[in-house]
Amino acid sequence: MEPIVNVPEPPSNIPSDVSDENDIVTIKLKIKLFLFNHWRGLFCFLVPLILIPVHFTIPTEKYQWCAYTLVLMALFWVTECIPLPVTSIMPIVIFPMSGIMNTTMTCKCYINDTIIMFLGSMFLAYAVEQSGLHKRLALCAVRTIGYSHYKLLFAMSFITMFISMWITNTAAATMMVPINFALLQVFEKENILKIYEIGPDGDNIASDITTCYFCASTFSATIGGIGTLVGTATNLVFKGLFNKMYPDAPEYLSFPKFSAFAIPLMLILEILMYLNMLIIYFGFLRPNSAAFRSSKITPEGVEAAKKSVDEEWKKLGRITFWEIIVIILFSLAILLFFSRSPEIFLGWGDQIVQIFHLADRKFALDSSAVTLVCFLMLVVPSTTQFIEYFKTKDTTNQPSGSIPSVLNWHLMDEIMPYSFMFLLGGGFALSEAAKKEYSDLNGKIGQLLKNLSSLPNFLIIFLIIIFTTFVTNFASNVAVCNVITPIAMQLAKEINVNPLWYNIAVGFTSSFCFMLPVGTPGNLVVQSAANIPTVKMIKAGLAPSLATVIVTWIFVCFWAPLIWPDLHMLPPWL
């Protein structure tokens, strides 16, 4: 028999309302914790229901289903309540069920020339990374330019910009993280600077100098990405959207013309960003400031930095056969891109059209060239080990095993972001479905935007650039480009402006995220690596963001018409 336990009763002097108040606090806390932990699930459940009023007629029209899909995907893309690629496959479900496009047509949007071009550019980038060529270029630039803060920041910024023209922005920014840390640690040992300082909560946060170097790296990667078609996925997105919406238009966004517009813009933006960093963090033009005094490096510090870089350079050794082959094949890809259909002479793509008497001038595109080079990278050996088979007569000492290729497929396959194919394809599916022959959502949007026709064209471009710059700081650049570009091109069509003009304005601007880490992975990489507070990143990126808006507006309004003279007229293909 169990003993009887006397359980004490609660004190009678505690008022009942106090107990009720504690229950209310507990419930509020539970609600807060539930919303904090499960807001994504709630968002996924509630938003599709809240958007039901988009279907304001019975039966629902096709353009309403298309608008519903567009708004739903835009909200999911911006909030990232589910992974971006998962959001991007919604059209495969919604469009066939709503009668907009059949499954075959929808799925074709997820594999095309632009997406193959994206994959090819990633293959080229991974070949550079696997060979270590990008690190050799960075160290070579530092050794050549010098070791003062001005020279080091210049070397870091401009080599990152150059590399980012050919590989992804995230890879270029990530590459500079260990190099930045190596140099800053040398200066810290010499008591020239501190990498970290104590934050308000007692944690180590990046100092101003650290913030300067790391933000300059990711900003340079972002700016460099606009220099070539393969520099960032956003470039391929707005080119692909234009080709999808206007397939009969000439190839305005060819590799040579794209770079003829983008490279001058890229260089000016990079110079302005570099000067901004010098003024804010190193006291340039402010000789009496504390920043100017703290930016001086002693001769001992210069010597220590030089020693550190020389040690890293010695570890690399002589340039390898692998790196040489990468340079050759990469140069071949660039040559093929520029010479396919340059319009200043008969390119190899034009010759194919002439030889086979083809009516389609776009019969051979850049994806063919990049696929050829990637194929060669996957089969050409990365070493000269195969020569050893012929050098020696001793069969017992013959090399064994297979020889790795210039691009190692297995290493690349483990980290290749194939999910980006769905992100690109989702945007193309939306663009295709909005056409007149499917849902005519573009026409409906155009009717709403006709009220802007009274505004000057230059002012509309300015407003588009401001709006896109603001939004792209809060959401994925590719997602922003996918959503805003088709709307901007439809606006241009309704007010009798060449759609290419607004396509360029949105396309380039959607890459420019300088203030918030969520806008682009490169910002997240450097923020997490150096523990940079968001407030400090906003401070570093505010002036570059303003400069980007103004300079891009000037270039789009005045430089673009020189590259594309058709911008000032209504083209026949429209």
A 1.4 Å probe over the protein heavy atoms gives the chain a carbon and sulfur accessible-area percentage of 67 percent
Hey, can you list the DSSP H helices of the chain whose Cα span along the axis is 30 Å or longer and whose average Kyte-Doolittle score is at least 0.5? 16-50, 169-189, 255-282
Correct option for percent of Cα pairs over 42 Å apart [calculated from the coordinates] among [x] 27; [y] 32; [z] 20: [y]
Sequence ranges 143-155, 425-437, ranked by mean other-Cβ count within 10 angstrom, highest first: 425-437, 143-155
Hey, how many Å between the Cα centroid of region 296-346 and the Cα centroid of region 476-490? 34 Å
With every protein chain left in place and a probe of 1.4 Å, what is the accessible surface of T103, to the nearest 10 Å²? 70 Å²
Too long at a 21 Å Cα-Cα cut-off: which of K362/K450; K239/K362; K257/K436; K108/K444; K135/K306? K362/K450; K257/K436; K108/K444
Given the rule -39500 (n - 2.57) for each run of at least 4 DSSP H residues, summed and divided by the residues of the chain, what is its mean residue ellipticity at 222 nm, to the nearest 500 deg cm²/dmol? -21500 deg cm²/dmol
Starting from the amide H of Y196, placed 1.01 Å from N in the peptide plane, find each other amide H under 5 Å away whose residue is 5 or more places distant or on another chain. S207
Accessible area (Å², per residue) of the chain, counting only protein heavy atoms and a probe of 1.4 Å: 48 Å²
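The values are calculated or read from the model by the stated rules, or taken from the named source; none is laboratory data. What you see is a predicted model; the values in this text were computed from it and never measured. Here Cβ is always computed from backbone atoms with ideal geometry, including for glycine, and neighbour counts include all displayed protein chains. To get the accessible areas, we keep the full protein, side chains included, count just its heavy atoms, and leave off ligands, DNA and RNA. Shrake-Rupley method; radii C 1.70, N 1.55, O 1.52, S 1.80 Å.
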